[in-house]
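Enquirer: Here it is: the structure, laid out below.
The values are calculated or read from the model by the stated rules, or taken from the named source; none is laboratory data. What you are looking at is a predicted structure, and each value in this text was computed from that prediction instead of being measured. Backbone-built Cβ (ideal geometry, glycine too); neighbour counts: all protein chains shown. Surface accessibility is based on the protein's heavy atoms, side chains included, excluding ligands, DNA and RNA. Shrake-Rupley method; radii C 1.70, N 1.55, O 1.52, S 1.80 Å.
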Amino acid sequence: MNYMHVDYSTKIPNNVNLSEDRQVLKALEGWHPGYMNWWSDMGPEGFQQSLVYLRTAYSVDPRGWAKFDYVKMPDYRWGILLAPREENRVIPFGENYGKPAWQEVPGEHRAMLRRLIVIQGDTEPASVEQQRHLGKTAPSLYDLRNLFQVNVEEGRHLWAMVYLLQKYFGRDGREEADELLRRRSGDADSPRMLGAFNEATPDWLSFFMFTYFTDRDGKMQLHSLAQSGFDPLSRTCRFMLTEEAHHMFVGETGISRVVQRTCEAMKEAGIADPADIAKVRALGVIDLPTIQKKLNLHYSLSLDLFGSEVSTNAANAFNAGIKGRYRETQIEDDHRLPNATYPVLKLVDGAIKRVDEPALTALNMRLRDDYTQDCAKGMLRWNKIIASAGYGFKLSLPNVAFHRAIGEFRDIHATPDGVLIDDASWNKRRGEWLPSTADGDFIASLMTPVTEAGKFAPWISPPKVGIDNKPGDFEYVKIEM
Ligand SMILES: [Fe+2]
Ligand SMILES: [Fe+2]
């Protein structure tokens with residue numbers, strides 16, 4: 001069978017020869033109706049009968065894998081797509097470094113592997129749930145289409161993890177697959193597993209921040225799992241990463257367009273000080289200080305997803321050959337790290353200091369550092385837009401000690417500059433750094449939908465290019481409620 005191409009003749013499109021894997025096919029077909037129910041209950045609200053110009057993967061060849069067409073979301077072909085198998089692939093790190101990659105689950109690491117797959121799987125439907133109300137307030141058909149593209153692909157990522165659970169983990173895998181459809185983002189009794197995935201995504205600026213910062217955590221996790229010695233997991237994650245790139249593009253360009261529009265409006269109105277919030281808001285655009293607050297919130301929530309800076313779980317997963325480092329194969333070291341150290345930010349005598357820790361237990365910190373570096377690229381782009389409009393304002397990432405609920409800094413308060421402060425000062429000043437109810441209300445007041453092809457809400461600029469090179473007035477969604 002040709003692993004590049006996807007078989008669409010079956011109910012569940014796939015490139016894993018499902019039609020000859022009766023047991024797994026049966027398990028997936030049994031899971032399918034529950035998934036469709038979940039999609040209709042928790043997927044995008046409204047628009048289920050609308051024709052959406054979506055891309056669907058027809059191949060896993062990175063040079064050309066998607067085709068675009070109008071699809072009703074419930075008819076989207078969610079499938080199982082793994083990157084092609086690499087001949088003679090070896091485990092690229094850990095105690096089994098250099099041994100052949102596993103095609104079956106190594107018995108001694110079964111529980112750890114299952115847990116990592118479940119955690120990754122849980123984030124995928126969670127974000128769809130978080131974003132389900134946004135369709136009603138989309139600033140354009142272009143943005144509406146991008147939202148739905150992200151949503152259907154997160155649905156597919158759930159399928160990807162469910163396939164692994166059902167194929168490789170027997171009965172407990174099937175139970176976990178059912179649980180993934182049972183938990184709900186933000187639910188008091190059965191929430192999603194990770195904090196950031198239980199937060200609300202109340203408006204489109206939040207959506208762009210989420211796809212920029214939180215989907216980027218997903219990118220880092222998928223990169224680490226793409227290194228896995230368990231080959232089916234590696235291949236799944238490698239293909240997911242090609243889809244994930246678009247999600248972060250939506251975030252980065254979304255924020256760029258908001259910043260752009262704000263700067264244009266300030267300039268037209270002759271406003272010299274971007275911090276003159278009342279004047280800027282009166283123009284019907286989102287002021288830069290509020291954008292900074294949203295950024296502070298989403299970045300700090302996303303940092304928590306990396307777990308504790310020092311973690312024996314992370315060391316165990318690495319030693320076992322289950323979860324590697326970002327770009328593991330490009331790192332020049334022994335890929336085992338028995339004696340290496342890594343500098344970890346810690347609280348020492350009431351101050352934030354770098355302390356050398358064994359590199360193995362500091363893997364979460366390292367991945368988080370890689371993440372921070374990746375996040376910084378957006379600041380450069382956004383600040384360039386602000387500077388070219390002639391303003392001195394700069395967006396920046398807050399200090400990693402700011403607003404944390406997990407890890408070394410969870411019990412202290414710090415300013416975005418990393419100055420430690422007491423509870424009273426925090427309570428007094430947090431509104432300067434994190435979105436307040438009034439900020440949220442103001443943003444919500446701008447969220448009126450624009451559904452005419454080629455038109456955009458006045459708080460956001462049009463994109464530079466269309467999806468699939470379509471012209472500016474292309475009807476990305478044919479709305480049918
Ligand atoms: Fe995803
Ligand atoms: Fe994503």
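Enquirer: Return the total of residues in the stretch 27-70 being open to solvent by 60 Å² or more (accessible area, probe 1.4 Å) and either in a loop (DSSP other than H, G, I, E, B) or in contact with a strand residue (DSSP E or B) (Cβ under 9 Å, 6 or more places away or on another chain) (or both).
Expert: 10
Enquirer: Still on this structure, please answer the following. Taking interchain pairs and intrachain pairs at least six residues apart, which have beta carbon atoms under 6 angstrom, with the first residue in the stretch 290-301 and closer than 16 Å to residue 377 by Cα and the second open to solvent by 10 Å² or more (accessible area, probe 1.4 Å) and in a helix (DSSP H, G or I)?
Expert: Pairs that qualify, where the first residue is closer than 16 Å to residue 377 by Cα and the partner is open to solvent by 10 Å² or more (accessible area, probe 1.4 Å) and in a helix (DSSP H, G or I), are 296/433.
Yes/no per residue for (1) among the polar types (S, T, N, Q); (2) open to solvent by 30 Å² or more (accessible area, probe 1.4 Å); (3) at negative phi:
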{"residue": "390", "(1), (2), (3)": "no, yes, no"}
{"residue": "407", "(1), (2), (3)": "no, no, no"}
{"residue": "432", "(1), (2), (3)": "no, yes, yes"}
{"residue": "438", "(1), (2), (3)": "no, yes, yes"}
{"residue": "441", "(1), (2), (3)": "no, yes, yes"}
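Enquirer: Tell me yes or no: at least one residue of the stretch 68-75 is free of Cβ contacts under 8 Å to residues at least 60 places away in the same chain and touching a Gly at 6+ places or on another chain (Cβ under 9 Å). Give the derivation first.
Expert: Taking the stretch 68-75 first, the residues free of Cβ contacts under 8 Å to residues at least 60 places away in the same chain are 69, 71-72, 74-75.
If we keep only those that are touching a Gly at 6+ places or on another chain (Cβ under 9 Å) as well, we get 74.
Yes, the stretch 68-75 contains a residue that is free of Cβ contacts under 8 Å to residues at least 60 places away in the same chain and touching a Gly at 6+ places or on another chain (Cβ under 9 Å).
Enquirer: Quick one: in the stretch 225-268, of everything that is open to solvent by 10 Å² or more (accessible area, probe 1.4 Å) and under 23 Å from residue 94 (Cβ atoms), which residue is farthest from ligand 1 (Cβ to nearest atom)?
Expert: Step one: of the stretch 225-268, the residues open to solvent by 10 Å² or more (accessible area, probe 1.4 Å) are 226-227, 235, 238, 241-242, 245-246, 248-249, 252-253, 256-257, 260-261, 264, 267-268.
Now restrict to residues that are under 23 Å from residue 94 (Cβ atoms): 226-227, 235, 238, 241.
On the way: 226: 13, 227: 18, 235: 16, 238: 13, 241: 9 Å.
Only one residue tops the list, namely 227.
Enquirer: Inside the stretch 216-324, counting only helices (runs of 4 or more DSSP H) that do not spill past its ends, which hold 3 or more residues that are among the small types (Gly, Ala, Ser)? Outline the logic, then answer.
Expert: Numbers: elements: 231-268, 277-281, 288-303, 312-319.
Those helices (runs of 4 or more DSSP H) span 231-268, 312-319.
Enquirer: Among the residues of the stretch 203-224, are any open to solvent by 10 Å² or more (accessible area, probe 1.4 Å) and away from ligand 1 (no atom under 16 Å from the Cβ)?
Expert: No, the stretch 203-224 has no match at all.
Enquirer: What is the one condition in (1) assigned to a loop (DSSP other than H, G, I, E, B); (2) more than 22 Å from residue 202 (Cα to Cα) that residue 468 does not satisfy?
Expert: Failing condition for residue 468: (1).
Enquirer: Residues 420, 337: which one is open to solvent by 50 Å² or more (accessible area, probe 1.4 Å) and modelled with pLDDT of 95 or more? Can you show your working first?
Expert: Working: 337 fails: open to solvent by 50 Å² or more (accessible area, probe 1.4 Å).
Unique residue meeting the criteria: 420.
Enquirer: Mind listing whichever residues of the stretch 202-250 are within 13 Å of ligand 2 (Cβ to nearest atom) and hydroxyl-bearing (Ser, Thr, Tyr)?
Expert: 211, 212, 214, 242
Enquirer: Let me ask something additional. Report, by residue number, each residue of the stretch 203-243 that is small (Gly, Ala, Ser) and either at pLDDT below 95 or under 29 Å from residue 16 (Cα atoms) (or both).
Expert: Within the stretch 203-243, the subset small (Gly, Ala, Ser) is 206, 218, 224, 226, 228-229, 234.
Residues satisfying the conditions are 218, 224, 226, 228, 229, 234.
Enquirer: Just to be sure before I move on: is residue 19 touching a Leu at 6+ places or on another chain (Cβ under 8 Å), open to solvent by 30 Å² or more (accessible area, probe 1.4 Å) and part of a helix (DSSP H, G or I) in the structure I sent?
Expert: Numbers: touching a Leu at 6+ places or on another chain (Cβ under 8 Å): yes; open to solvent by 30 Å² or more (accessible area, probe 1.4 Å): yes; part of a helix (DSSP H, G or I): yes.
Answer is yes for this residue.
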